[in-house]
Structures are given as C-alpha cells and as structure tokens.
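Visitor: Take this structure first; my questions come after.
We did not get these values from a lab; they are worked out from the coordinates using the rules stated. This structure is a prediction, so every number in the text was calculated from the model and none was measured. Here the Cβ positions follow ideal geometry from the backbone for every residue, glycine too, while neighbour counts run over all protein chains shown.
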Amino acid sequence: MTQFPSLNVYNLNLANVAAPVPSGVALAPGSDTGSSSTDNVTANATPTLLVRLDTTNLAGVAFSAGTNPATDPPGYKVAVYGNGTLLGYALPVGGDIFSVTPAVALSNGLNFITARAVIIDPRSPTPHAVGLGPESGALAVRIITGSPGTLGPPDLLSSADTGGVDDDNVTTLTRPTFVGTAAPNAIVRLYANGLLVGEGTASSGTGAYQITTGSLGDGVYQITATQEDLAGNVSSPSSALKVTIANQSLTLPGATAVQNVGPVTVDLGAGTVNGYAGVPGASGKIGIVGIPFVNLDTGNGPLDILGTPGDDQIAYRPTGAAAGNLNRVGVGQLIAFTAVSQLSLDALAGSDLATIAGTNNPETITALVDTTAVSQVATLLALRSVTGSLERLGIQALAGNDVIAVTTKDTVNAWVTADAGDPGANTPNGDVLRIIDGSGRGQLQNGPGGAITGSGSFIMNYAKTTGRQTRIDYSGVEKIVKR
C-alpha cells in the first residue's frame, strides 16, 4: 500500500467586498467658467472632472494606472463617463480624489457625468478579469461654446432722456439709464466710446435689462452693449447709440446733429431747437430745457427765436457781425450763436420786453420801429422783432459816449425804453438820443413827466395819418436831437 505524506491543512476566510461607489463627481476649480464657479455651466468642452471615491475597502489593492484594464496591472481604476460613454480613467490626486480631463470634447448642451470603480483581477494569460462597480449618481454639466448673439443697440430710458424731448438722445443727466433685451440671466455691459461704464444682469424671464452708467462728462458718446452668457462667452459689441450728455452745455450741430439748409428755430416756450438734421425722434427737435449754456452754429443761415405764452424779458447782446447771445431773464440759460445771417424774434403772447445791449465802446445803437422792429449796435448782428407781439423794445447802452437813434413809423403802436448809461459817468453832451420821424408827418410830444435832464419821455403821434403812436422813455441822456 502506497503511503502519502501528510497534508497541511489551512483555514481560509474569504471576504467578498463589493467595489465602492463614487460618492461625488464635480467640475474642477477653473473648469466651471462664467460668472458662477458652482453652477456647472462652462464654455470648456473638455473640463477637468473630479471624482471622490472612498478607498477604505480597497486597502491593500493597488491603483492600476493605464487606460486598458484588460492588460494593465491588477488593481483598481476609476472610470468616468459622459452620457454613458467612457471619457477616460481618473488619476489619484490625493485624499481619495481622482481627476481626469477628457480627450474628446463634450457636446454642447446638457451632459450627464458619472463614475465607477473598476476592479482588475490577475489572470494569465491576459486578458485579466475585469469587474465594474456600481455607477455613481450623475452630475449634470451644461456645455456652451461660441459667442452669444450680438445685442441690438441700447436705448436711452425715456425718463432719462431729459431736456424736454424724450427721444432726441440728448440728456442733462450725467448718469443716464439705458434699457434693452438680452438672453435671460446674461451679464450685460455698457460701453461709452469703448470704455466700460455700466454692468447689470438681464432678467431671468424676458431678458430685459436696465442699467445706469457711471458718471459721464458733457460730450457725445457712442453707447454699445455686450452680453456674457452663463458659461462666460461674450458677444461682439452691439451697434452704437449716439447719446449727448449736456449737463452744463450743448453745442449744435457739433457731433450731436448735422448742419442743415434753412432756418434754425429756438422755441423758448417749448425749450426746443429745430432745424438741424440727423436728430433722432419723431419731431426732429432737440430739447434744451435745463441746459445752462446752448451754443448754436446756424451755418450762415437765419435764426428765429420764439418766446413763450407768458410775460418775457428777453436780453440780447450782439458779439459780432453774425454772432451774439440771448437769454430770458429769470431763466438760468444763455443761448449763444454764430454764423447767423439774420436774427428774428417773435415774442408771441404775454407782456414782453426785448432789450438789445451795447458794448463798453462808444457806438451808435439804432432802432427802427416798424411792423418789424430792427435794432442794431454799430455794425453788429441786428435783432428783428415782430412789433405786434412785443410790448416794449429796450435799448441798453453801456460805457462810452453813445448815440441812440430811434426811427419811428406810423405803421404800429410801440413803446421804446432807452437807457444811455449813468449821466454822471459821461462828459456833458456825451450820450445823445436822436428821435427821427420815419413817416414824415408825426408830432413829437412830451410824454408823462415831460422832458427833464437825463431822463424823460416822448410820444411820436401820427394822428394825421394812421393814429398810431410810439412812446419813447429814456434815461442817462445828456443831449436830445429831434428830426
């Protein structure tokens, strides 16, 4: 009988432990682009992905590097999937965290990222036995690549379009508000002449935005807008909206408008200027309400001034043969003008006074009182006034020995006030008042108070012709000449 050696006996305890399930998948810092770093929306189509895997139950099991489980060393791997397709195997970066950057881009839109442990048991010859652990919960990642659509030009909010005309894009506000529509939740940025001046977020529903800019100085600006989507993609700038800031002054046409052929009209009652081309809005008018200084170049054309329905005191000072400035007393606004071929005033309704002022030089100031009154300082730009709408025509001489010459006509009833300056500041016979009968049959009479030294009143009466008369009140006069 054959004897066999005794056998060793071993006690084996086999523990069959399931592969761990990854407890989390996330975008790596820097891969979640856009304004939020936690919204899982990115413009990076190959973002770095992080997987958390508790390796406690894998103690003693080596990590298997490589990308082919069938031939790689035995151990464990962490596989990462996008929409069920393998993206790659994550490498350990410490603390049970594994990282992978897909070699193939994810598709635009929503992608579901999952991970699982892969166990490789040795087998010879290969391929090894490969076991797959349970799949993790999915991380939803939205990929948005490419620039968002270009916005339409921003629009100046109607209430921010001050100055009296709410669609001329001229405003007195230094921090105007603009509105428009972008993609919902997009970040909208406003630029003035290419410089960032404001930023806001479009509404989540309609995409409407309303943004108030930082402080802008007086001038003309090209306002553009861009939008940034949730992934951080930025659109091209919109076409520009031309906006004029006129907090202290406005120059026309300048860069705000275009010189036009024809008269320029300033309506003091409405607070508008009309007669320039290239002005947006239905009326084509530019609002000037609340602008302290308005400078007009009429391009060698006529300038017409319209008064208000109320009582006006309008002061005009010529500064050149085609230039001058004008203001309505009590209103903090000066209107200066150049390149004017003819200056006309229609004071409209109310009890109105229009005064022409001289300079500090000795000069002759003339006034022709007719259906259209014409007053002029030397050879400077004359003022033509509709006498029927003007209750008084004023003449204000300043320093120097001046001559005030008033020519009356029998066509209108009129009232002229002439101030030649302080008599004490002039030499005897320094300031002269000449009263000229322009129709030839007038009777000059002393007015209320009679003629006294320095000041008084005359009435040129045309009782023999039309029954019209012109009253002339004067002051500061050293000499009176009647013709």
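Visitor: Residue by residue through region 379-389, which ³J(HN,Hα) values in whole Hz follow from phi under the Karplus form 6.51 cos²θ - 1.76 cosθ + 1.60 (θ = phi - 60°), with glycine and proline marked x?
Guide: With coefficients 6.51, -1.76 and 1.60, one gets 10, 6, 4, 7, 10, 9, 10, 6, 5, x, 9 Hz.
Visitor: Additional query: How far, in nm, would the chain grow between E135 and T379 when pulled straight, counting 0.36 nm per residue and subtracting the alpha carbon separation?
Guide: Values: separation 244, 0.36 × 244 = 87.84 nm, distance 9.70 nm.
Here the answer is 78.1 nm.
Visitor: Just for the chain, what percent of DSSP beta bridges are antiparallel, to the closest 5? Please list the in-between numbers first.
Guide: On the way: 93 of 154 bridges.
Percent antiparallel among DSSP bridges in the chain is about 60.
Visitor: Which percent of the Cα-Cα distances in region 170-296 go past 24 Å?
Guide: In whole percent, the long-distance tail amounts to 37.
Visitor: Restricting to lysines 8 or more places apart or on different chains, can you count the pairs in the chain with Cα atoms under 24 Å from each other?
Guide: Details: K242/K285; K409/K464; K409/K479; K409/K482; K464/K482.
So the count works out to 5.
Visitor: Pairs of alpha-carbon atoms within less than 8 angstrom and 6+ residues apart define the contacts here; what relative contact order does region 112-233 have, in percent? Don't skip to the answer; put the middle values down first.
Guide: On the way: 241 pairs, mean separation 27.5, N = 122.
Across region 112-233, relative contact order equals 23 percent.
Visitor: Oh, and also: In sequence order, what are the phi-derived ³J(HN,Hα) couplings for region 124-135 according to the Karplus relation 6.51 cos²θ - 1.76 cosθ + 1.60 with θ = phi - 60°, rounded to whole Hz, with x for glycine and proline?
Guide: 10, x, 5, x, 5, 7, 10, x, 10, x, x, 7
Visitor: Please give the net charge around A183, taking every other residue with its beta carbon less than 11 angstrom from that of A183, where Lys and Arg add +1 and Asp and Glu add -1. List each step's numbers first, then the result.
Guide: Working: positive: none; negative: E228, D229.
It works out to a net charge of -2.
Visitor: Let me ask something additional. At a Förster radius of 22 Å, what calculated FRET efficiency corresponds to the Cβ-Cβ distance of V481 and A321, to the nearest 0.05? Mind showing how you got there, number by number?
Guide: Details: r = 27 Å, r/R0 = 1.23.
After rounding, the FRET efficiency stands at 0.25.
Visitor: Right, something else. Could you give the length gained by full extension between S215 and S239, i.e. 0.36 nm per residue of separation minus their alpha carbon distance, to one decimal place?
Guide: Numbers: separation 24, 0.36 × 24 = 8.64 nm, distance 2.18 nm.
Here the answer is 6.5 nm.
Visitor: Could you give each residue of region 148-156 its phi-based ³J(HN,Hα) in whole Hz, using Karplus coefficients 6.51, -1.76, 1.60 with θ = phi - 60°, and x for Gly or Pro?
Guide: My calculation for region 148-156 gives x, x, 6, 6, x, x, x, 10, 6 Hz in order.
Visitor: I need to check one value: relative contact order of region 358-403, counting alpha carbon pairs closer than 8 Å and at least 6 residues apart, in percent. Mind dumping the intermediate values first?
Guide: Details: 72 pairs, mean separation 21.6, N = 46.
Contact order relative to length: 47 percent.
Visitor: Moving on to the next point. What share of all Cα pairs of the chain, in percent, falls into each consecutive 20 Å distance bin?
Guide: Bins of 20 Å from zero give 18, 27, 18, 14, 11, 8, 3, 1, 0 percent of pairs.
Visitor: Calculate, for S283 and T201, the FRET efficiency according to 1/(1 + (r/R0)^6) with r their C-beta to C-beta distance and R0 25 Å; round to the nearest 0.05.
Guide: Numbers: r = 34 Å, r/R0 = 1.38.
Approximately 0.15, to the nearest 0.05.
Visitor: Normalised by the number of residues in region 24-143, what is the relative contact order in percent for Cα pairs under 8 Å and 6+ residues apart? List each step's numbers first, then the result.
Guide: Working: 269 pairs, mean separation 32.7, N = 120.
About 27 percent, as a whole number.
Visitor: Please report L296, L195, L139, L343 as a ranked list, fewest other C-beta atoms within 10 angstrom at the top and most at the bottom. Let's see the in-between values first.
Guide: Values: L296 25, L195 10, L139 19, L343 22.
Least crowded to most crowded, the residues run L195, L139, L343, L296.
Visitor: Where does each of D229, D370 land when they are ranked from fewest to most other beta-carbon atoms within 10 angstrom? Provide the component values of the computation, followed by the final result.
Guide: Details: D229 24, D370 17.
Ranked by crowding around the Cβ, least crowded first: D370, D229.
Visitor: Also, quick follow-up: Summing +1 for each Lys or Arg and -1 for each Asp or Glu, what net charge is found among the other residues whose Cβ lies under 15 Å from the Cβ of L241?
Guide: Residues close to L241 contribute a combined charge of -3.
Visitor: Could you give the length gained on full extension between Q443 and K464, defined as 0.36 nm per residue of separation minus the Cα-Cα distance, in nm?
Guide: 6.7 nm
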